[in-house]
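Student: Shown below is the structure under consideration.
Nothing in this text is a laboratory measurement; each read-out follows from the coordinates by a stated rule. Just so you know, these numbers come straight off a predicted model, no measurement behind them. Counting neighbours? That spans all protein chains shown, and the Cβs are built from the backbone with ideal geometry, glycine included.
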Amino acid sequence: MTGELSETPTTSEFTSDEMMTVAASRSLNDESVCFVGIGLPSTAANLARRTHAPELVLIYESGTLGTKPQRLPLSIGDGVLAETADSVVGVPEIFNYWLQPGRVDVGFLGGAQVDRYGNINTTVIGDDYQDPEVRLPGAGGAPEIATSCGEVLIVMRHSPRAFVPDVDFITSVGYGRDGSARARLGLPGRGPVKVITDLGVLQPEQGTNELTLTGLAPGVEVEQVRAATGWPLRVAEELGVQQPPTDRELRILRELKATVGNGESS
Amino acid sequence: MARILQLDTAVAELVNDGDTVALEGFTHLIPMRAGHEIIRAGRRDLTLCRMTPDVIYDQLIGAGCARKLVFSWGGNPGVGSLHRFRDAIQHSWPVPLEIEEHSHAGMANRYVAGASGLPFAVLRGYAGTDLPEHTDTISTVRCPFTGEELAAVAALNPDVGIIHAQRADRAGNVQFWGITGVQKETVLASARSLVTVEEVVDELPEQPGAVVLPSWAVTAVAEVPGGAHPSYAQGYSERDNAYYQEWDAISRDRDRFREWLDTEIHEPERSAR
């Protein structure tokens, strides 16, 4: 979880959101191909490319392949993504030729709700699809990112409203309602391997695929994470603690965030 | 051959009450002004299609133009939710809004099938999701060669496809580049099409990577400089990010929205008379 960082942890203050973004960026390996969602995943992926993973290949669903934006894109269709891409292709092509056959190593997603089996909901809150309590934006590219990428990383802020036992609607499948859907559906990708939050890291337990606490953010107690999780959260036997950001990571992250007005809410 | 028309004439002629209309654009090149003209023309009962309904769809929905929305992601990109869209779904304001919901891959393939003259498209999609339970244009099909079960989506063939492009020439050949989304497929899938452009030029300059739609594949072209504002037209304009943020506040409140509708859409027409 800490990556191969030679630098020492910072001694200055940092926020839990900054720790989350740094932890998410460390989860991306250099030279891998990453399909990036907008918001938190985009910030983390761009941080990774500026720190330990300069050869990370970024793909956005707007059709930009191998994009190297100098500033954080405000949306998935930001002009900076097209101007700095190896190639810009149409939307049918990005999904059919590039995502669908399994050319992408990592899908990097956010969401409004995630459940104990890593299923993501970005569609509706409430039991009645026709008459929802809250209407969310919908699926976007996520359902096929979740099934076709080699593996999936999820980054979300921790709260009982967001981390629920069963999502109201499966927009993008993790391990299904019972933890065993991927094998049954014969899905090519492994599914979610990590959920990175502002409190720590959850990972699917071997066998059951139930999300289990495997790492804590610095200064966070297990009870805090349990209180912010809507199911009885189990804790891994070997519970790690994340290395705080290095001075370099913090500096680059803050510079990066200063390049965009507001890029984290969609 | 495409005819070069004024925007109001083109919308009056091509868009009818009850039509299925797709105004496409993927954050870039969004045909905002054409959408405003549809509101001004008072069109009703439209089935609106769009992969990424954003501010212009929020405005059309809030103005009561739409009966149904076919889409895959509805939001204010970089800002948050669409409040008129939410109000229509959650409270039927100003009129009830039926929805037909897909993933991006599904919507893109529906346009591809529509453009190809096929009844449906095949993809590896929707596996494990709850979407097929609620959307009857998602089904499955068995591969006749391998026996594998795959997702199938019905072709999307709008009555009218509307896009914004950088340029057209006087003959109505259209050229656009940068993030080109699903716009080519939208025009080819639609029975009639309208392309608004930043400028009409004598001859289209060479432009690497550009999509060209020949005049004979387009119904009408209208010259509308800044027609994509607040989105952008690469090479012509920058995205007006403040507008998207301001829309969040305007659209949260029905009265503020009504006021916007009156001052930004209806008043300019009255004063132009």
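Student: How far apart, in nm, are the 7 Å Cα→Cβ label points at B:E246 and A:V134?
Tutor: 2.8
Student: If each residue's Cβ is checked for other Cβ atoms within 10 Å, how do B:S215, B:S72 rank with the fewest at the top?
Tutor: B:S215, B:S72
Student: Then there's this: For A:R161 and A:R71, what is the calculated FRET efficiency with R₀ set at 45 Å and r taken between the beta-carbons, to the nearest 0.05?
Tutor: Step by step, r from the Cβ atoms, then E = 0.90.
Student: Can you give the log10 of the normalised intensity I(q)/I(0) at q = 0.05, 0.06, 0.12, 0.13 Å⁻¹, computed with Debye over equal Cα scatterers of the protein assembly as shown?
Tutor: Here log10 of I(q) over I(0) equals -0.19, -0.28, -1.12, -1.30.
Student: Evaluate segment B:105-154: find the radius of gyration of its Cα atoms, find its Kirkwood radius, and give the ratio Rg to Rh. Don't jump to the answer; show the numbers that get you there.
Tutor: Details: Rg = 10.7 Å, Rh = 11.1 Å.
With Rh from the inverse mean 1/r over Cα pairs, Rg/Rh is 0.96.
Student: Here is a further query. So what does log10 I(q)/I(0) come out to for segment B:36-150 at q = 0.12 Å⁻¹, using the Debye formula with one equal point on every Cα and no solvent?
Tutor: Once normalised to I(0) and log-transformed, intensities are -0.50.
Student: Please go through segment A:91-178 and write out the GluC sites (Glu not before Pro) that DSSP classes as loop and that have at most 12 other C-beta atoms within 10 Å.
Tutor: A:E133
Student: Separate question: Pick from B:T27, B:T135, B:T219: which residue has the top mean-square fluctuation in a GNM of chain B where Cα pairs under 10 Å get a spring?
Tutor: B:T135
Student: How would you rank A:V241, B:V218, A:V88, going from fewest to most other Cβ atoms within 10 Å of each one's own Cβ?
Tutor: Ordered by Cβ neighbours within 10 Å, fewest first: A:V241, A:V88, B:V218.
Student: How long is the gain from B:D136 to B:A171 if the chain were fully straight, where each residue apart is worth 0.36 nm and the alpha carbon distance is subtracted?
Tutor: 8.5 nm
Student: I want to verify a result. In a Gaussian network model of chain A, Cα cutoff 10 Å, which of these has the top mean-square fluctuation: A:R116, A:R135, A:R177?
Tutor: A:R135
Student: Could you pull out the GluC sites (Glu not before Pro) across segment A:9-47 that fall in loop regions by DSSP (anything but H, G, I, E, B) with no more than 11 other Cβ atoms inside 10 Å?
Tutor: Those that pass, being in a loop and sparsely packed, are A:E13, A:E31.
Student: What is the calculated FRET efficiency for A:D30 to A:R254, with r their C-beta to C-beta distance and R₀ = 22 Å, to the nearest 0.05?
Tutor: 0.50
Student: If I take every Cα pair under 8 Å that is 6 or more residues apart in segment B:105-154, average their sequence separation and divide by the length, what percent do I get for the relative contact order?
Tutor: Value for segment B:105-154: 38 percent.
Student: Something else now. Charges only on Cβ, +1 for Lys and Arg, -1 for Asp and Glu: so what's the dipole of chain B about the Cα centre, in debye to the nearest 20?
Tutor: Numbers: 24 positive and 38 negative charges, 64 e Å.
Value, rounded to 20: 300 debye.
Student: Among the lysines, select those whose C-alpha is under 29 Å from the C-alpha of A:K68, and discard any that sit fewer than 8 residues away in the same chain.
Tutor: Cα-Cα hits under 29 Å: A:K194, A:K257, B:K184.
Student: Build a GNM of chain B with springs between Cα atoms under 10 Å: which of B:T20, B:T129, B:T186 gets the top mean-square fluctuation?
Tutor: So, out of B:T20, B:T129, B:T186, the one fluctuating most is B:T129.
Student: Counting partner chain Cβ atoms within 10 Å of every residue's Cβ in B:240-246, what's the average?
Tutor: Whole-number average of other-chain Cβ neighbours for B:240-246 is 2.
Student: Also, I was wondering about something else. Compute the distance in nm between two label points, each set 7 Å from the Cα along the Cα-to-Cβ direction, one at B:T9 and one at B:K68.
Tutor: Placing both labels 7 Å beyond Cα along the Cβ direction yields 3.3 nm.
Student: For A:120-129, what's the mean count of beta carbons from other chains sitting within 10 Å of each residue's beta carbon?
Tutor: 2
Student: Please arrange B:H266, B:H104, B:H36 by counting, for each residue, the other beta carbons lying within 10 Å of its beta carbon, fewest first.
Tutor: Values: B:H266 14, B:H104 31, B:H36 22.
Listing B:H266, B:H104, B:H36 from fewest to most nearby Cβ atoms yields B:H266, B:H36, B:H104.
Student: Using 1/(1 + (r/R0)^6) with R0 = 51 angstrom and r between the beta carbons of A:L239 and B:A41, what's the FRET efficiency to the nearest 0.05?
Tutor: 0.25
Student: Quick one: compute the contact order of chain B, relative version, from alpha carbon pairs under 8 angstrom and 6+ residues apart, as a percent. Walk me through the numbers on the way to the answer.
Tutor: Working: 612 pairs, mean separation 64.4, N = 273.
Value for chain B: 24 percent.
Student: Across peptide B:21-28, what mean number of C-beta atoms from other chains lies inside 10 Å of a residue's C-beta?
Tutor: Per residue, the average neighbour count from other chains is 4.
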